[in-house]
Amino acid sequence: MKKYGFEYFASCPMGLEELLSQEILSAGAKSTKVVRGGVQFESPSEVALKVILHTRFASRVFKYLYSMDVLHEKDYYLEATEINWKNLMHHAQTFRLTTIFGDLPQEREEFRNSQFANLKLKDAIVDYFRHFDGTRPSVEKDFPDVSFLARVERGTKKPYSVTLMYDLCGDPLNQRGYRIAKTEAPVKENVAAGLIKLVGWSPEEEGLLDAMCGSGTILIEAALIAGNIPPGYLKVERHLTSRGMPMWTFLNYPWFVEDKILQGHFKALCDEVTAMTTAGLEKLATFHGRIRGSDIDSYNVGVAQDNLKKARLSSLIPIERKDALESTPPSEKSLFISNPPYGERLEHGEEEKLRALYKGLGDHWKNHWKGHRAALFTGNLAMLKVVGLRTSKKTILWNGDIECRLAEYNLY
Ligand SMILES: C[S@@+](CC[C@H](N)C(=O)[O-])C[C@H]1O[C@@H](n2cnc3c(N)ncnc32)[C@H](O)[C@@H]1O
């Protein structure tokens, strides 16, 4: 069994790995390795905490604990009972386990499925504590004190290798805490931040309009970038002001609880986030009207306003009910950036409506957005052709399990 030192894995939507790697290096990591859907990195513990508070692109951050070479499920159980679980959690804490399968042969008898492997690991933990303490921790799916991830892959020494990790976050990091109301098909918060970075928006030089803003995600992430506000700011605020549920699971782990120096670093990181938020909101006050939103649906306009209010940005970003085909640039040089409907479940007549919208956008930009830039993020690749304008760049990016394109246009 291998025990890890200071090694971590940050997961992210596919297509954002390079941006996440740069982010982790600038937080102070010694080295990173980009893999599909995430970034491995080696760093002192406080850098991992900094990533958790500052990341725009990661979904979760994990700390590597052990890797085990195993023959089959029974062997897995036996190996797992060798782990000193007392060092990882307390018997009175609740825990959650998630097992995922990496690259494995389709035909296999030794590891049936991820639920069964999960059960074996759970048995190992429970039996370990029963043996030592005569009592057992219980499983909690929704709000566990401790959360583990086990990844099963092909092994080199034995047929399988299982890597055990702490999930340091609990709730995913893309859930910033501002989305109190939802519209249909919202884009993930970290994907929205990725869109803004990938198009190279320069807040000092360009205004920004999301003319199909739905719940307001792109607008909020753009404002956080413009103000250099760390996306963990609302969670930090709740952590500092309430004594309720811990905002991140790492607060419950012996790794953190028994390390006074690390706790000092974390306190300093929270203070830094608070100071950056105050400075960022002041800076954004000078941007008034340069970042704007609109949507054709008045209910969605209300949802976006509620979310902006929760994000403490409502007085800075005006939102109105308007057809995107009547939009005007908010400043001399502007970026139109939107995530139009994709039409995932096309009902009768829907496709015609979508065609009219995508073609209408191309025509509208030609007539009213000359000299500006535009970007569309969509999972409907056929509709991009309907826009009828040459793209200056196209990037593949995943929103959940949908492969999407970010298409950029220079409008002459
Ligand atoms: C995929 S959703 C956008 C989701 C958004 N990015 C979010 O994170 O919540 C598409 C949005 O386009 C809006 N929409 C559709 N046709 C429109 C039009 N012609 N003008 C303005 N908005 C439109 C819909 O009301 C919907 O809110």
Folded to 0 to 90 degrees: helix 45-54 orientation relative to the chain principal axis, Cα:
30
Positive end of the charge dipole of the chain (Lys, Arg +1 and Asp, Glu -1 on Cβ, about the Cα centre): tell me which of L219, S242, L384 has its Cα farthest that way.
L219
Any chance you could check the Cα centroid distance between the range 11-71 and the range 176-202 for me, in angstrom?
20
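How many Å³ per residue does the convex hull of the Cα positions in the range 2-167 occupy? Before the final figure, lay out the partial values.
Numbers: hull volume 20.0 nm³, N = 166.
So the per-residue hull volume is 121 Å³.
Could you check what % of the DSSP bridge pairs in the chain are antiparallel, to the nearest 5?
70
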Which of the peptides 85-98, 259-272 is most tightly packed, and how do the rest follow, judged by the mean count of other Cβ atoms within 10 Å per residue?
85-98, 259-272
Taking the convex hull of the alpha carbon atoms in the chain, what volume per residue do you get, in Å³?
157
Given unit charges at Cβ for Lys, Arg (+) and Asp, Glu (-), the dipole magnitude of the chain about its Cα centre in debye, nearest 20, is 380
Per residue of the chain, what 222 nm ellipticity follows from adding -39500 (n - 2.57) for every DSSP H run with n ≥ 4, rounded to the nearest 500?
-11000 deg cm²/dmol
Putting +1 on Lys and Arg Cβ atoms and -1 on Asp and Glu Cβ atoms, find which of L281, G400, S338 reaches farthest to the positive end of the dipole of the chain.
L281
When F129, F6 are arranged by how many other beta-carbons sit within 10 Å of their Cβ, fewest first, they go F6, F129
With Cα coordinates, the longest principal axis of the chain makes an angle with the long axis of helix 260-285, in degrees rounded to 10, of 10
Given pairs K3/K157; K3/K63; K235/K309; K235/K267; K182/K283 and cut-off 18 Å on Cα-Cα distance, the over-length ones are K182/K283
Two pseudo-spin positions, 7 Å from Cα along C-beta at R243 and at T156, lie apart in nanometres by 5.0
Measure nothing but the geometry: give the 0 to 90° angle between the long axis through the Cα atoms of 298-310 and the longest principal axis through the Cα atoms of the chain, rounded to 10°.
50
In Å and from the alpha-carbon atoms only, list the Rg and Dmax of the range 106-196.
18.4, 54
Give me the dipole magnitude in Debye, nearest 20, for the range 2-167 about the Cα centre, with unit charges on the beta carbon: positive for Lys and Arg, negative for Asp and Glu.
120
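Per the Kirkwood definition applied to all pairs of different Cα atoms, how many angstroms is the hydrodynamic radius of the range 297-382?
14.8
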Ranked output for segments 42-53, 104-115, 274-285 by mean other Cβ atoms within 10 Å, highest leading, reads 42-53, 274-285, 104-115
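FYI, it's all coordinate maths here, none of it is from the lab. Only a predicted model underlies this, so the values are computations on that prediction, with no experimental measurement involved. As a convention, Cβ positions derive from the backbone with ideal geometry for all residues, glycine included, and neighbour counts pool all protein chains shown.
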